[in-house]
Amino acid sequence: MVGGLGFTLSLSKGGVSRSNAIPASKILAVNPSVGCRVAKPNINHNMKSTLIRLEDISKVYGTGNTAVHALNHVNLTVDDGEYCSIMGASGSGKSTTMNVIGCLDRPSDGRYYLDNQDISQLPNEQLAEIRNRKIGFVFQQFHLLSHLTALDNVMLPMIYAGVSVDERKERAVTALEKMGLGSRLHNQPNQLSGGQQQRVAIARAIVNNPRLLLADEPTGALDSRTVREVLDIFQELHDDGITVVMVTHEVEVARESKRIVWFRDGEVIYSHLTPEEMLEVAVKA
Ligand SMILES: Nc1ncnc2c1ncn2[C@@H]1O[C@H](COP(=O)(O)OP(=O)(O)OP(=O)(O)O)[C@@H](O)[C@H]1O
Ligand SMILES: [Mg+2]
């Protein structure tokens, strides 16, 4: 057990009045070197297929005295169709993990299986092809190309995927309409609100019909009403069967997913927290 807090949590949402202690079954051991509990490797008890499997992944930036050990022996699995949030303090390795999962960066050590394919050793071109076909990205700062319209931004990933220009346009319009932006097709990013820009970014992320949506602090730059819009979109995408992995610092955002993974100092401390358990950990963090 993490230990009962012995006080009442009153929350604005969901009516949780008291935190539940984290079951001992979720905790493997106390790691003496870091003085904290280590998450059990995931065991797949239901017959769902695993989409993401990180095995003993480490990531070191730089060398010698300046080396930064961003990830230390991370083991993590995410099932096909899951919606999970990643939390943890600044610098704990969340974005580094997302970059590895998204094939934007390579681990220094360990193996990464995406859809049962070992992609740790693949050449860059194959990695880029997998990224384009299977993965959509959403970032805090949107990362839209400022000189392109919303439509052109969303059409872009399909150029790399070799889709014909007519189909590119048709699919981009459909994706933007799905995001409620049918009347903003020809606006450039600086003519759109933050929430609208994020919805363009989500349209771009899903236009190639990815299996996996990776979102790194997608609501960090948005006001609360727009946060709700974006979270509703993620929920719909999850309902459509897309696997969603989202990094967030906000407990109210993380609560939207059923599962929360908690990082500390480059390690997965908890791999399967419920929203209620996450609140308990967040209070202590
Ligand atoms: N390109 C890089 N070169 C050197 N060190 C890096 C690099 N990228 C990240 N780091 C370091 O690796 C560690 C993990 O960084 P990471 O960006 O994954 O943290 P994070 O959990 O996403 O933090 P935040 O919540 O602030 O976004 C940090 O100590 C960071 O300074
Ligand atoms: Mg980060």
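Read-outs: derived from the displayed coordinates by stated rules, not from any lab. What you see is a predicted model, and the numbers here were worked out from it, not measured in a lab. Cβ: placed from backbone, ideal geometry, glycine included. Neighbour counts: every protein chain shown.
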query = What does the charge count near Arg131 come to, summing +1 for each Lys or Arg and -1 for each Asp or Glu among other residues with Cβ under 13 Å from its Cβ?
reply = 0
message = What's the ranking of 213-222, 67-76 by average number of surrounding C-beta atoms within 10 Å, highest first?
response = 213-222, 67-76
Given charges at beta-carbon only (K, R positive; D, E negative), |dipole| of segment 49-284 in Debye = 440
note = The set of residues whose placed amide H lies less than 5 Å from the amide H of Glu82, leaving out same-chain residues fewer than 5 positions away, is Val244
inquiry  = Taking a ≥ b ≥ c as the square roots of the Cα gyration tensor eigenvalues, with a/c under 1.5 meaning rounded and otherwise prolate when a/b beats b/c, else oblate, which class fits segment 174-247?
reply    = oblate
key: segment 49-284, relative contact order in percent, only Cα pairs under 8 angstrom and at least six apart counted   = 27
remark   = Too long for a 31 Å Cα-Cα cut-off, among Lys94/Lys134; Lys169/Lys258; Lys178/Lys284; Lys178/Lys258; Lys134/Lys284, are Lys169/Lys258; Lys178/Lys284; Lys134/Lys284
note = When the charge dipole of segment 49-284 is computed with +1 at the Cβ of Lys and Arg and -1 at the Cβ of Asp and Glu, the Cα pointing farthest to the positive end, of Met87, Ser146, Asn124, is that of Ser146
message = Roughly how far apart, in whole Å, are the Cα centres of segment 75-146 and segment 237-257?
response = 15
query = Out of residues 5 or more away from Val138 or on other chains, whose amide H comes under 5 Å of its own, with H placed 1.01 Å from N in the peptide plane?
reply = Leu214, Ala215, Asp216
In Hz, Karplus ³J(HN,Hα) per residue of segment 58-74 (6.51, -1.76, 1.60; θ = phi - 60°; x = Gly, Pro) = 10, 9, 10, 9, x, 9, x, 5, 9, 4, 10, 8, 6, 10, 10, 6, 7
message = Just the number: Rg to Rh for segment 49-284, Cα atoms, Kirkwood Rh, two decimals.
response = 0.97
